[in-house]
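The values are calculated or read from the model by the stated rules, or taken from the named source; none is laboratory data. Not measured: the values here are computed from a predicted model. When we count neighbours, we look across all protein chains shown, and the Cβ atoms used for this are built from the backbone with ideal geometry, even at glycine.
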Amino acid sequence: MKDLKGKVAVVTGAASGIGMSLARACAAEGMRVVLADVEGEALERASREIAETGSETLAVTVDVSSEAEVRRLAERTAERFGAVHLLFCNAGVGAGSLLWASTAKDWEWTLGVNLWGTVHVVNAFVPAMLSRGEEGRVVITSTTS
Ligand SMILES: NC(=O)c1ccc[n+]([C@@H]2O[C@H](COP(=O)([O-])OP(=O)(O)OC[C@H]3O[C@@H](n4cnc5c(N)ncnc54)[C@H](O)[C@@H]3O)[C@@H](O)[C@H]2O)c1
């Protein structure tokens, strides 16, 4: 994709780190940006910073491990902006412990966000992106470990 101006980007895990940088980069290209994150306060700060650059933003507090919350994110995005052109599945967590010290609960949490979160986001957004027939890209940065 070459001309991103006016197009729509959705970034999960947008309140910090790589996601925040992706959101900034999209805004710098003149895109409208949907920022999604489970950390509501950090998300509001990130969204404010990007809106101050003149970019149109939508901030949605969402836990990507919840299929229902991700579907709502897709609905709110469609209501506000219509098409999505760049979809960044970036929200992710790491249990931070050694493999043999990770409990089943640690794995449920990690896989719930990193794996199922990605599944929910892809399922909620990609069919609509394809049916619109507009050029688009999906980028997955979350890892399963
Ligand atoms: N930093 C690296 O070296 C590296 C390497 C490979 C892959 N990754 C992946 O890239 C992604 C971003 O990494 P980062 O270093 O910027 O991490 P980060 O911790 O700085 O940012 C992750 C963001 O995801 C959000 N998040 C966590 N759980 C969530 C949930 N359930 N729903 C919605 N948002 C949630 C966090 O609040 C945070 O804002 C992660 O998925 C990570 O696994 C990072």
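Of all residues in the range 1-25, those satisfying the criterion of being assigned to a loop (DSSP other than H, G, I, E, B), among the hydrophobic types (A, V, I, L, M, F, W, C) and more than 15 Å from the ligand (Cβ to nearest atom) are MET1, LEU4.
Applying the criterion of being more than 9 Å from the ligand (Cβ to nearest atom), of a type in the set (S, T, N, Q) and not in a helix (DSSP H, G or I) to the residues of the range 26-74, the residue that is nearest to VAL119 (Cα to Cα) is THR57. Given (1) farther than 16 Å from LEU35 by Cβ; (2) in contact (Cβ under 8 Å) with a residue 24 or more places away in the chain; (3) more than 15 Å from the ligand (Cβ to nearest atom), where does ARG80 come up short, assuming only one miss? Of (1) farther than 16 Å from LEU35 by Cβ; (2) in contact (Cβ under 8 Å) with a residue 24 or more places away in the chain; (3) more than 15 Å from the ligand (Cβ to nearest atom), only one is false for ARG80: (1). Out of ARG71, ARG80, one residue alone is among the charged types (D, E, K, R) and within 14 Å of the chain's Cα centre (by Cα). It is ARG71.
All told, ALA95 falls short of being outside any loop (DSSP other than H, G, I, E, B), without any contact (Cβ under 8 Å) to a residue 60 or more places away in the chain, surrounded by 14 or more Cβ atoms within 10 Å (Cβ to Cβ) and within 16 Å of the ligand (Cβ to nearest atom).
Quick test for you: out of VAL11, VAL38, pick the one residue that is among the hydrophobic types (A, V, I, L, M, F, W, C) and closer than 27 Å to SER131 by Cβ. Working first, answer last.
Numbers: VAL38 fails: closer than 27 Å to SER131 by Cβ.
Every option except VAL11 fails the conditions.
For the range 38-45, the criterion of being among the aliphatic types (A, V, I, L, M), surrounded by fewer than 22 Cβ atoms within 10 Å (Cβ to Cβ) and modelled with pLDDT of 95 or more is met by at least one residue.
Being over 13 Å from GLY17 (Cβ atoms) and of a type outside the set (Lys, Arg) is the filter here, so list the residues in the range 39-51 that pass it.
Answer for the range 39-51, where residues must be over 13 Å from GLY17 (Cβ atoms) and of a type outside the set (Lys, Arg): GLY40, GLU41, GLU44, SER47, GLU49, ILE50, ALA51.
For the range 98-133, the set of residues classified as farther than 27 Å from PHE81 by Cβ, outside any helix (DSSP H, G or I) and of a type in the set (Gly, Ala, Ser) consists of SER102 only.
Which one of these is within 20 Å of ARG80 (Cβ to Cβ) and among the small types (Gly, Ala, Ser): ALA9, ALA28?
That would be ALA9, the only listed residue that is within 20 Å of ARG80 (Cβ to Cβ) and among the small types (Gly, Ala, Ser).
Quick grid of which residues meet (1) more than 23 Å from ALA23 (Cβ to Cβ); (2) at pLDDT 95 or above; (3) of a type in the set (Gly, Ala, Ser):
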{"site": "SER97", "(1), (2), (3)": "yes, no, yes"}
{"site": "SER102", "(1), (2), (3)": "yes, no, yes"}
{"site": "ASN114", "(1), (2), (3)": "no, yes, no"}
{"site": "HIS120", "(1), (2), (3)": "no, yes, no"}
{"site": "THR141", "(1), (2), (3)": "no, no, no"}
{"site": "THR144", "(1), (2), (3)": "yes, no, no"}
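Using the structure shown, decide if THR103 is buried (at least 16 other Cβ atoms within 10 Å of the Cβ) and farther than 28 Å from MET1 by Cβ. Spell out the reasoning first.
Working: buried (at least 16 other Cβ atoms within 10 Å of the Cβ): no; farther than 28 Å from MET1 by Cβ: yes.
Spelling it out, it is not the case that THR103 is buried (at least 16 other Cβ atoms within 10 Å of the Cβ) and farther than 28 Å from MET1 by Cβ.
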